[in-house]
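Report on the following structure.
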Amino acid sequence: MKKKSILDLHRVSQEEFKHLEKIPLVVVLDNVRSLNNIGSVFRTADAFKVDCIYLCGITATPPHTDIHKTALGAEDSVDWIYEPDTCTVVDKLLAAGYEVYAVEQVEGSISLTDIELDKHKRYAVVLGNEVKGVQQSVVDKCTGSIEIPQFGTKHSLNVSVTAGLVIWDFFKQLGL
């Protein structure tokens, strides 16, 4: 097997990406503190044609060197919006007809392995702070909660890993 070169991959330009049809998914980052995690979410959002990222609370915004280290330019291709209050974003998305899911371990959560998405609906997923998770006030406003099954000794995954798993699963169901 020969590794593919960057030219063999036939990637679109940032300008072409802006005009691609995106999957009906918005990612909301609720007080994510690590700039490397933020950059990783941008890169994953670019890979799977996420519509937009909301950066809320203490979540840093581009341009920033440490976001760029992991985003590698995806912070320029993926649309993003900063909003100080995550609850305001959830309210706006719900009012616009989105189903909004916190990715959090809560009573009555839906396992990521069991979620069934409708290609005719729009979705948003809220990913929380690396230590405290999604704020309870945000969870309370959401349509529901998605939980990633885990079988080891740790009770959580890194937020960028969580984003990758959830975005990939949504892309498999909603991809164009």
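Condition first: within 25 Å of L94 (Cα to Cα), open to solvent by 30 Å² or more (accessible area, probe 1.4 Å) and of a type in the set (S, T, N, Q). Now tell me which residues in segment 45-76 satisfy that.
Correct list: T61 only.
Could you please find all residues in segment 21-57 being among the polar types (S, T, N, Q) and at positive phi? Can you show your working first?
So the first thing to find is which residues in segment 21-57 are among the polar types (S, T, N, Q), and the list is 31, 34, 36-37, 40, 44.
Of everything in segment 21-57, just one residue is among the polar types (S, T, N, Q) and at positive phi, namely N31.
Matching residues to (1) touching a Cys at 6+ places or on another chain (Cβ under 8 Å); (2) open to solvent by 30 Å² or more (accessible area, probe 1.4 Å); (3) free of Cβ contacts under 8 Å to residues at least 40 places away in the same chain:
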| site | (1), (2), (3) |
| --- | --- |
| G108 | no, yes, yes |
| R122 | no, yes, no |
| E130 | no, yes, no |
| D140 | no, yes, yes |
| T143 | no, yes, no |
| I148 | no, no, no |
| S160 | no, no, no |
| G164 | no, no, no |
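Results for (1) touching a Phe, Trp or Tyr at 6+ places or on another chain (Cβ under 9 Å); (2) modelled with pLDDT of 95 or more, shown as yes or no for each residue.
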{"site": "T86", "(1), (2)": "yes, yes"}
{"site": "E104", "(1), (2)": "no, yes"}
{"site": "E147", "(1), (2)": "no, yes"}
{"site": "L176", "(1), (2)": "no, no"}
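Of the residues that make up segment 86-105, is at least one farther than 16 Å from A163 by Cβ and hydroxyl-bearing (S, T, Y)?
yes
Restricting attention to segment 7-23, does a residue exist that is of a type in the set (A, V, I, L, M, F, W, C) and closer than 18 Å to G128 by Cα? Quick ask: steps written out before the conclusion?
Restricting attention to segment 7-23, the residues satisfying the condition of being of a type in the set (A, V, I, L, M, F, W, C) are 7, 9, 12, 17, 20, 23.
With the extra rule that they be closer than 18 Å to G128 by Cα, the set shrinks to none.
Checking segment 7-23: not a single residue is of a type in the set (A, V, I, L, M, F, W, C) and closer than 18 Å to G128 by Cα.
Taking into account only those residues within segment 4-44 that are in contact with a strand residue (DSSP E or B) (Cβ under 7 Å, 6 or more places away or on another chain) and farther than 21 Å from S145 by Cβ, which is surrounded by the fewest Cβ atoms within 10 Å (Cβ to Cβ)?
First pass over segment 4-44, keeping only residues in contact with a strand residue (DSSP E or B) (Cβ under 7 Å, 6 or more places away or on another chain): 22-33, 38, 41-42.
Next, only the ones that are farther than 21 Å from S145 by Cβ stay: 22, 33, 38, 42.
On the way: K22: 18, R33: 16, I38: 28, F42: 30.
Within segment 4-44, the match that is surrounded by the fewest Cβ atoms within 10 Å (Cβ to Cβ) is R33.
The values are calculated or read from the model by the stated rules, or taken from the named source; none is laboratory data. Since the structure is predicted, the reported quantities are computational estimates derived from the model, not experimental observations. Quick reminder, even Gly has a Cβ in these numbers, built from the backbone with ideal geometry, and neighbours come from all protein chains shown. Please note that ligands, DNA and RNA were not included when accessible areas were found on the heavy atoms of the full protein model with its side chains. Shrake-Rupley method; radii C 1.70, N 1.55, O 1.52, S 1.80 Å.
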